[in-house]
Amino acid sequence: MSGPLSGVRVVDFSRVLAGPLCARTLQDLGAEVIKIEPPSPDVSRFAFPSTDGMSGYYAQQNAGKRNVSINLNLPGALELVLKLCDTADVVVENFRAGTLNFFGLDYGTLSKRNPKLIYASITGYGQGGPWRSRMAYAPTVQAEAGFTHNSIRHYGEALTEPRTDSLSHADVYTGLQAVIAILAALNSRQKTGHGQYVDVAMAATLLAVNERAHVDLSDDDIGAEPAVLGATDCSFFIGPQGEQFTVATSIIGSLTFPSWLRAMRRVDLMDDPRFATAAARRLNFGLLHQIIQSWILTFPDMATLDAQFDEAKIAMGEVRSIKELAASEWSDYWGAVQRVSDRNGGEYRLPGRPWHFSVDELSPIGAPAFQGEHNFAVFGELGISPEELKRFSEAGVLVSHKRASELMATADTKGEPGQAA
């Protein structure tokens, strides 16, 4: 591996999204990540569409990680995992609070053996308090943390029934906040020589990333005004050649409405009583939108329109599908989409990295591993003999998907036990 985190080893006990995304991000930055998967595999392996123990969902969050699968309920399993955690810089887990304590894999136990360990736990509501044992999935935490309420309140009558967002913001944001905390703890360890425990809560994350939380927390009455500098009331329009686009500038807000008047060369509308105040503009929104839309259609193309918008400091964005973005010149320039093997003769097209470094070069995204594919390789590196590893496999302590077993057997015949790709 190469990258800013080269030399950092992460043991990833997590599953589905928040934890795997956290560990995957650390890996993208150069860390070595070893995923520990239970005998009943990470459920994301079965996300549709999936083939022979692999899915695109699983690959997106786990591609490139080494994979061991172990049954912690059987004798000998715990000692294997403890030996692995002794070599780790970071442990990531996202079980319910206290789950790994039951197996003797809690921070207190691991840090006594490995004082430099940074141990990050991701849960819905934290390790303590009255909600510590609650199940936590993105839609439910988003409902509890005001995220869903904000959406319903914003869209109002445009919704025929309450809806939450289609993406798992609580998981994704929390996974990234966990990355930030881990990087901070790694920096602290450089100064102190000691690791620490990091407790990350999804609900707290959603509150922290809500840029307009201060309005509700302070009981501010903003009346008809949209929240300042937010995406509220950003309208959609149709471009000269039928393009659908949106703008990051409200046509209602008192601070932003003058930008539209400058763009349209229509300062006279400021004196029109139908548009003189935010409340009046909201009441007459349909008419105002129609005036702007008619003006937009006077332009020959989007480039000319964008130039005039830019002059008035109005940002616009065409509504594109992910496929359309992937086909753009920008995507090619950035390397926004990368191809990895799907381990079944085809490939997945996955999101690339969101950073470019001037010095560090990031390794290509690796292929996703089958369950237990690196059992022999990882534990062999810890000094466990091939004979012992085979006994663990026969006893069901080490578990592997049939494809992983075939790969390990092939590697074994070549004199390289467990070195399956």
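The values are calculated or read from the model by the stated rules, or taken from the named source; none is laboratory data. Everything numeric in this text was worked out from a predicted model, so none of it was measured. So basically every Cβ, Gly included, is an ideal-geometry build from the backbone, and we count neighbours across all protein chains shown. Surface accessibility is based on the protein's heavy atoms, side chains included, excluding ligands, DNA and RNA. Shrake-Rupley method; radii C 1.70, N 1.55, O 1.52, S 1.80 Å.
Matching residues to (1) among the polar types (S, T, N, Q); (2) out of contact with any Leu (no Cβ under 8 Å at 6 or more places or on another chain); (3) touching a residue at least 60 places away in the same chain (Cβ under 8 Å):
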| residue | (1), (2), (3) |
| --- | --- |
| 134 | no, yes, no |
| 159 | no, yes, no |
| 176 | no, no, yes |
| 179 | no, no, yes |
| 187 | yes, yes, no |
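Rundown of residues vs (1) of a type in the set (S, T, N, Q); (2) closer than 24 Å to residue 200 by Cβ; (3) touching a Lys or Arg at 6+ places or on another chain (Cβ under 8 Å), yes/no style:
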site: 15; (1), (2), (3): no, yes, no
site: 20; (1), (2), (3): no, yes, yes
site: 28; (1), (2), (3): no, yes, yes
site: 31; (1), (2), (3): no, yes, yes
site: 49; (1), (2), (3): no, no, no
site: 63; (1), (2), (3): no, yes, yes
site: 77; (1), (2), (3): no, no, no
site: 86; (1), (2), (3): no, yes, yes
site: 89; (1), (2), (3): no, yes, yes
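Would you check which residues across the stretch 19-44 are touching a Pro at 6+ places or on another chain (Cβ under 9 Å), open to solvent by less than 10 Å² (accessible area, probe 1.4 Å) and farther than 22 Å from residue 83 by Cα and list them?
Of everything in the stretch 19-44, those that are touching a Pro at 6+ places or on another chain (Cβ under 9 Å), open to solvent by less than 10 Å² (accessible area, probe 1.4 Å) and farther than 22 Å from residue 83 by Cα turn out to be 30, 42, 44.
Examine the stretch 131-153 for a residue that is part of a loop (DSSP other than H, G, I, E, B), among the small types (Gly, Ala, Ser), more than 18 Å from residue 213 (Cβ to Cβ) and in contact with a Ser or Thr (Cβ under 9 Å, 6 or more places away or on another chain), and state whether such a residue exists.
Looking through the stretch 131-153, at least one residue is part of a loop (DSSP other than H, G, I, E, B), among the small types (Gly, Ala, Ser), more than 18 Å from residue 213 (Cβ to Cβ) and in contact with a Ser or Thr (Cβ under 9 Å, 6 or more places away or on another chain).
Going through the stretch 275-296 one residue at a time, which ones are surrounded by 13 or more Cβ atoms within 10 Å (Cβ to Cβ) and either among the hydroxyl-bearing types (Ser, Thr, Tyr) or assigned to a loop (DSSP other than H, G, I, E, B) (or both)?
Selection gives 275, 276, 277, 284.
The rows are residues; the columns are (1) assigned to a helix (DSSP H, G or I); (2) at pLDDT below 95; (3) under 19 Å from residue 71 (Cβ atoms).
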{"position": "305", "(1), (2), (3)": "yes, no, no"}
{"position": "348", "(1), (2), (3)": "no, no, no"}
{"position": "378", "(1), (2), (3)": "yes, no, yes"}
{"position": "406", "(1), (2), (3)": "yes, yes, no"}
